[in-house]
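Okay, structure first, notes after.
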Amino acid sequence: MRRASPIVATLLSMAVAVVAAGCEAGPPPVTPPVVPGASGAPREVNLIAKDYSFLPDTLDLVPGETVLLHVINGGLEVHEAVIGDAAVQDAWEVAEAATVGAPPGPTPVVSVPPDVAGLRIVVRSGERVDLVWTVPVATPAGAWQVGCHIPGHWARGMVIPVRWVGAASAS
């Protein structure tokens, strides 16, 4: 078998190193500035529920903006997106716990007191639900999240944080 000359071997090694370096992920792309929506022109926001996660992994909201929220269920099971603080998430977790053992299909009707209701959107497999929503102006001191409380989903990690961003600021 014929061996490559040392110069050819060196050039080949350098070429492989350059190609490998080009394949590295590098820093994540910068989030573009968020232009808040208004009542006459809501900002469109996609939230995809899968078995058992949400995409994107953080929901960016501007206090006081109006959004057209597209909640899409790309999973095989019924999911919900509950948006609110810890009290809201806790209330829905308790309410949904009463449905454990219910037959498959649409989630049974459950409710929580209005002061801890937050925003709740239920979506069946393959369904998209659109909702125009004005985000509260005063964000509470506690962290907000998006969670699914269909029994077992929250426990499997179906929750993402809400990130409060300023108008036209990169996050």
Q | Area of Glu127 that stays accessible when all protein chains are in place (1.4 Å probe, Å², to 10) | A | 50 Å²
Q | Which of Arg156, Arg124, Arg163 is most accessible, then next, and so on - probe 1.4 Å | A | Arg156, Arg124, Arg163
Q: Run the 1.4 Å probe and let me know the accessible area of Ile160, rounded to the nearest 10 Å².
A: 10 Å²
**Q.** Long-range HN-HN contacts of Val146 with modeled amide H, under 5 Å
**A.** Ile160, Val162
Q: Note down the magnitude of the dipole of the range 59-119 about its Cα centre, charges +1 on Lys and Arg C-beta and -1 on Asp and Glu C-beta and zero elsewhere, to the nearest 20 debye.
A: 200 debye
Q | Burial ranking of peptide ranges 112-121, 80-89 (average Cβ count within 10 Å, highest at the top) | A | 80-89, 112-121
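The values are calculated or read from the model by the stated rules, or taken from the named source; none is laboratory data. Note that the structure is predicted; figures quoted are calculated from it, not measured. No Cβ is skipped: glycine too gets one built from the backbone with ideal geometry, and neighbour counts run over all protein chains shown. Please note that ligands, DNA and RNA were not included when accessible areas were found on the heavy atoms of the full protein model with its side chains. Shrake-Rupley method; radii C 1.70, N 1.55, O 1.52, S 1.80 Å.
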